[in-house]
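One structure is given below, encoded as structure tokens.
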Amino acid sequence: MFQSRSWHIPQLILGVVVLVALGACGAKPVPQEMEPGDSIVFGHIDMSDAPVKLDGLWIRQFSPPSKKPFYSAGIKKGTFFNWYMDPGAYAVSHFSGTSFGGTRYRFNIPRQLTSMRIEIKEPGIYYLGAYRFKNIKTGIFEPDQFDLEPVGHPTEKEALEKLLKLVKGTSVEGKLQQRLKELP
């Protein structure tokens, strides 16, 4: 169980500025040419029980040390992805969304959630799994909490098929198609 935070207008403006800055170094919906050592990392969070839709997700690099340890992920209907991950140890740090009224929510993931961690030793395609956001009401004067429950859908294959629509004619398309052939 984890706590969520809601932000208001001043924090929302700051959040937008940070998103734009982080987005410049993170995943792009239509990827540029991948380097030979790059890996693809992706997963899915079903936000149907959340107060918002998933519109931001950040992956933190723990090793090797980096001056820019955060990578933003692209989002496509709950499926998150980054095409340019170097070898190292990573964990999903937090994810976010904005409500219809403009309130920004940030959901921090504790380091002990091992299912959202990954170690990239060799270039490849890494699926972090599918999860369902579960909102947990705690009381009138306390912030709500949340949990991420592992779920079976979308499967790795279903998520890859969704991502293939974004990468037609790019260096990523062949890699994703090859991975699809390897799956049952």
Boolean, Gly152 is out of contact with any Phe, Trp or Tyr (no Cβ under 8 Å at 6 or more places or on another chain), of a type outside the set (Ser, Thr, Tyr), exposed (fewer than 10 other Cβ atoms within 10 Å of the Cβ) and under 23 Å from Met116 (Cα atoms):
yes
Top-ranked residue in the stretch 155-178 [being in contact with a strand residue (DSSP E or B) (Cβ under 9 Å, 6 or more places away or on another chain) and of a type in the set (Lys, Arg); ranked as nearest to Leu113 (Cα to Cα)]
Lys162
Is it true that Val20 is of a type in the set (Val, Ile, Thr) and modelled with pLDDT under 90?
yes
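Table: residues versus (1) over 22 Å from Ser48 (Cα atoms); (2) at pLDDT 95 or above.
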| position | (1), (2) |
| --- | --- |
| Lys134 | no, no |
| Leu148 | no, no |
| Glu158 | no, yes |
| Pro184 | yes, no |
Answer yes or no as to whether Gln145 is surrounded by 15 or more Cβ atoms within 10 Å (Cβ to Cβ) and more than 19 Å from Phe80 (Cβ to Cβ).
yes
Going through the stretch 79-90 one residue at a time, which ones are surrounded by fewer than 21 Cβ atoms within 10 Å (Cβ to Cβ) and either touching a Phe, Trp or Tyr at 6+ places or on another chain (Cβ under 9 Å) or under 21 Å from Val151 (Cα atoms) (or both)?
Tyr84, Gly88, Ala89
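The values are calculated or read from the model by the stated rules, or taken from the named source; none is laboratory data. Because the structure is predicted, anything quoted here is derived from the model rather than measured. Cβ coordinates were reconstructed from backbone atoms using ideal geometry, including for glycine residues, and neighbour counts include every protein chain displayed.
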